[in-house]
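Comments concern the structure below.
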Amino acid sequence: MKEVYDKHINEKRERAREMHIYSDCFVPDAVYSDGTDDYRCPSEPGINSCVTIRLRTGIGGVRRVILVVNGEEYETVRVSEFAEGLFALYEAKLQLTDEAVDYFFRIDTSEGEYFYNRLGADRTFKCEGNFRITPGFSTPDWAKGAVFYQIYVDRFCNGDTTNDVLDGEYCYIGEPVKHVINWDRYPSTMDVRDFYGGDLAGVLQKLDYIKSLGVSVIYLNPIFTSPSNHKYDTQDYDCIDPHYGVIATRRGETLKDGDKNNAHATSYSDAVTNPDNKRLTEELFITLVEEIHKRGMKIILDGVFNHCGSFNKWLDREMIYEGTEGFPSGAYLRKDSPYTDYFDFKEDKWPENGSYDGWWGHDTLPKLNYEKSRELYDYIMSIARKWVSAPYNCDGWRLDVAADLGHTEEFNHKFWQDFRKNVKEANPDALILAEHYGDPESWLRGNEWDTIMNYDAFMEPVTWFFTGMEKHSDAKDDSALNNGEKFKYELLHNMNKFQTSSLYVSMNELSNHDHSRFLTRTNRKVGRIATLGPKAAEQDINKAVFREAVIFQMMWPGAPTVYYGDEAGVCGFTDPDNRRTYPWGREDKELIAFHKEMISIHNAYDCIKTGSLKILIARYGVFVFGRFNNKDKIAVAFNNSNEMQEVTVPVWQIGVTVLEVMVRLIYTNDDGYCLDTKLYTNEDGYIRLNMPPHSAIVLKNVPDFI
């Protein structure tokens with residue numbers, strides 16, 4: 001039997017050798033390294049520690065491998081062969097200090113000199129793709145590859161109607177606020193002062209649903225006291241909005257018809273200043289966090305520290321706090337207010353000084369003037385600590401428009417360095433995740449943010465490839481649709497700005513509160529509700545393309561983040577239409593089931609959450625990549641074109657040996673999705689697929705299968 005087995009294996013290897021898999025020549029596609037545990041051990045080395053750095057090559061054609069660290073050369077040693085003799089492994093040990101290091105590999109081969117860094121093996125050296133180690137920098141293990149669920153609280157679930165905002169309770173941006181009775185009503189064009197009643201009690205009631213999806217982290221859009229439904233105009237950083245929590249007793253009056261003076265909005269003033277409401281709301285929030293933790297999930301909050309709101313107690317432009325015991329006069333009203341230095345007033349014209357600096361000129365969003373007030377600076381640092389500490393015990397912060405904070409880049413970096421120190425001292429395992437567009441590298445050096453919302457290296461390129469649409473649905477580009485080469489370039493180019501620790505916790509979203517819903521982008525309609533109306537967002541959508549994108553999201557490195565309702569088929573143009581209510585009782589149950597299956601696959605394999613990545617094919621309409629570690633190898637293939645495509649996947653490049661076949665974990669196309677098991681023959685290191693339009697497939701190796 002052994003002789004038959006050996007003969008069979010040798011025949012497979014001989015055929016593979018003829019196809020250059022076991023070549024005696026140098027094979028660039030066989031070369032691989034990254035920042036995961038398999039190729040950098042430990043992957044997050046400490047200060048003054050020793051780290052082992054490895055490079056994989058093919059078994060032939062390599063004469064010498066040099067590790068180049070900050071310009072200094074280190075000889076590597078060939079330590080092993082693996083994957084049935086498919087690859088050789090070279091390694092060198094490096095003693096670190098407290099300084100960051102960049103490195104790449106120089107390979108002396110039978111074909112000449114090659115260089116290898118994060119951009120791959122090339123005869124030409126490209127320094128922008130070098131690997132980087134920052135000793136002592138680590139991100140929370142729980143966040144690596146974690147599945148997040150983002151909740152815009154007012155639109156998720158109304159669990160307590162007694163705390164609902166009342167019609168005319170106060171005025172916001174010149175008009176009375178409105179309580180929307182019909183939960184299913186589309187958002188209005190001027191939606192910011194419309195309230196549907198979603199609250200923390202509603203989130204609490206739906207925790208089991210969220211957990212059933214396979215989610216491990218809940219991210220709440222802002223919950224601190226604020227007059228808008230989005231709450232990015234904070235009124236009080238110390239208090240969770242009682243309209244999301246508990247209003248024990250209604251006292252005071254709403255505004256009378258025609259009255260727009262918020263000094264008369266005594267019902268609202270009492271709701272947000274009553275200490276009983278604050279205490280009871282905090283107790284509810286503590287219970288919510290405890291229940292989230294009991295279910296094995298985490299929770300992160302949204303912190304808006306670049307600016308506050310015009311209703312904020314420090315400014316009090318609306319006179320909500322004026323005359324209330326325990327609340328000094330706001331800086332808008334009095335020059336001698338203790339908070340005057342919190343804002344940048346351009347003119348000396350008190351009382352009612354409206355000359356303060358507003359973020360992007362918005363007078364409802366006064367920019368905080370940290371440079372002028374150490375008291376403000378220290379207060380916000382105390383807030384950073386407060387909510388990640390007992391008794392609240394939140395697990396991290398998402399930071400709104402974080403790069404805009406302060407008036408200089410130098411001050412911005414100092415602020416976030418101090419912010420990190422405060423948060424990590426209070427809760428060493430807390431996550432610091434920033435909203436950011438553009439190059440994040442200068443904030444991701446280990447002493448400021450852990451990671452970012454991944455627009456440039458995920459949402460943008462994914463949207464262009466699968467839909468040809470801009471992420472707000474404001475434009476489309478047919479040249480970007482299905483452009484595999486551009487897709488590959490944008491992904492790799494922007495991923496290279498992350499260290500591995502940051503990349504694997506980056507927030508990978510298809511949709512969120514600032515952009516159109518991905519399902520709507522599949523209809524390729526350019527517009528907003530003001531121009532097309534809300535029903536257009538639901539017309540001509542392509543669920544097959546959406547399923548492709550979900551598979552990509554769940555299999556790509558990072559933390560896949562589901563925007564509430566995406567899993568249930570919610571559509572919508574950019575804000576405010578993307579803030580529709582969750583359709584309880586009207587869910588697309590097939591899409592929910594599909595999300596559960598994909599999240600289950602994501603959660604089942606470490607190679608997806610923290611393993612290596614290799615792009616295998618990138619051409620028109622077709623994109624294939626592999627996720628792998630020493631144990632498991634997974635190939636993910638897409639045909640987003642309108643035509644049948646024959647796709648030959650070089651699975652040998654991710655370590656699938658000639659002894660192995662691959663099994664289908666999930667498959668989707670225009671007709672739906674399928675979980676039926678199907679085996680695919682490994683033909684000398686390649687899997688051949690016939691992929692119909694708008695299809696995707698996930699394959700996993702089956703070891704020792706003959």
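The values are calculated or read from the model by the stated rules, or taken from the named source; none is laboratory data. Values in this document were obtained by computation on a predicted structure and should not be read as measured data. Virtual Cβ from ideal backbone geometry, glycine too; neighbours counted across all protein chains shown. Surface areas here come from the heavy atoms of the whole protein model, side chains and all, with no ligands, DNA or RNA. Shrake-Rupley method; radii C 1.70, N 1.55, O 1.52, S 1.80 Å.
A few notes on this one:
- For region 479-489, 3J(HN,Hα) computed residue by residue from phi via the Karplus equation (6.51, -1.76, 1.60; θ = phi - 60°) reads 6, 8, 4, 6, 7, x, 5, 5, 4, 4, 4 Hz, glycine and proline entered as x.
- Carbon/sulfur fraction of accessible area - the chain, other protein chains in place, 1.4 Å, %: 48 percent
- Straight-distance candidates among the lysines for linking to residue 414, with alpha-carbon spacing under 19 Å and chain neighbours fewer than 8 residues away dropped: 367, 372, 424.
- Between amide H atoms placed 1.01 Å from N, distances below 5 Å from residue 389 occur with 394, all of them 5 or more places distant or on a separate chain.
- Under the Karplus curve 6.51 cos²θ - 1.76 cosθ + 1.60, θ = phi - 60°, whole-Hz ³J(HN,Hα) for region 62-68, x wherever Gly or Pro sits: 9, 9, 6, 10, 10, 8, 10
- Per residue, the chain reaches -6500 deg cm²/dmol at 222 nm when only DSSP H runs of four or more residues are counted, each adding -39500 (n - 2.57).
- Karplus-derived 3J(HN,Hα), 6.51/-1.76/1.60, for each residue of region 613-624, Hz, glycine and proline x: 10, 9, 7, 9, 9, 8, 9, 4, x, 10, 9, 9
- Relative intensity, log₁₀ I(q)/I(0), of region 444-533 from a Debye sum that treats every alpha carbon as a point, q = 0.13, 0.16, 0.21 Å⁻¹: -0.47, -0.67, -0.97
- Pairs of Cα atoms farther than 41 Å apart, the chain, %: 34 percent
- Dipole moment magnitude, nearest 20 debye, region 20-140 about Cα centre, only Lys, Arg, Asp, Glu C-beta charged: 60 debye
- The chain, relative contact order [Cα under 8 Å, separation at least 6], %: 11 percent
- Cα centroid of region 454-485 to Cα centroid of region 326-343, whole Å: 46 Å
- Estimated distance in nm for a label pair at residue 122 and residue 389, the labels positioned 7 Å out from Cα along Cα-to-Cβ: 4.9 nm
- Rough spin-label spacing in nm, given labels placed 7 Å along Cα→Cβ, for residue 74 and residue 540: 5.7 nm
- Whole-number percent relative contact order across region 392-521, with pairs defined as alpha carbons under 8 Å at least 6 apart: 24 percent
- Residue 355 paired with residue 182, simple spin-label distance in nm, labels 7 Å along Cα-to-beta-carbon: 4.8 nm
- Long-range amide H partners of residue 131 with built H, under 5 Å: 103, 118
- Centre-to-centre separation between the Cα atoms of region 92-109 and those of region 494-543: 39 Å.
- Contour minus Cα-Cα distance for residue 375 and residue 592 (0.36 nm per residue): 73.3 nm
- Remark: region 291-369 carries 42 Å² of accessible area per residue (probe radius 1.4 Å; ligands, DNA and RNA excluded).
- Region 117-270 - charge dipole about Cα centre, Lys and Arg +1 at Cβ, Asp and Glu -1, debye rounded to 20: 900 debye
- For residue 613, net neighbour charge (Lys/Arg +1, Asp/Glu -1) across residues whose Cβ lies under 9 Å away: +1
- Ranking 212, 234, 189 by Cα position along the charge dipole of region 185-264, where only Lys, Arg, Asp and Glu carry charges on their C-beta atoms, puts 212 farthest toward the positive end.
- Extended-chain gain in nm, criterion 0.36 nm per residue less alpha-carbon gap, residue 690 and residue 111: 205.0 nm
- Local charge for residue 92 was computed over the other residues whose Cβ lies under 9 Å away, with Lys and Arg +1 and Asp and Glu -1, and equals 0.
- What separates the Cα centres of region 385-414 and region 286-317 is a distance of 12 Å.
- Rounded to the nearest 0.05, the FRET efficiency derived from the C-beta distance between residue 238 and residue 325 at R0 = 22 Å is 0.85.
- Over 19 Å (Cα to Cα) - which of 260/335; 543/609; 126/488 fall in this group: 260/335; 543/609
- Computed over region 275-412, relative contact order equals 27 percent, with contacts defined as Cα pairs under 8 Å that lie 6+ residues apart.
- Amide H to amide H, with H built 1.01 Å from N, residue 79 comes under 5 Å of 89, 90, 91, counting only residues 5 or more places away or on other chains.
- In terms of its C-alpha gyration tensor, region 585-706 has an oblate overall shape, because the principal axis ratio a/c (a ≥ b ≥ c, square roots of the eigenvalues) is not below 1.5 and a/b does not outweigh b/c.
- Given +1 at the Cβ of Lys and Arg, -1 at the Cβ of Asp and Glu and no other charges, the dipole of the chain around its Cα centre is 1420 debye to the nearest 20.
- For the chain, the longest principal axis of the Cα atoms and the long axis of helix 409-426 meet at an angle of about 90 degrees.
- Rg/Rh for region 292-451, where both radii come from Cα atoms and Rh is the Kirkwood radius: 1.01
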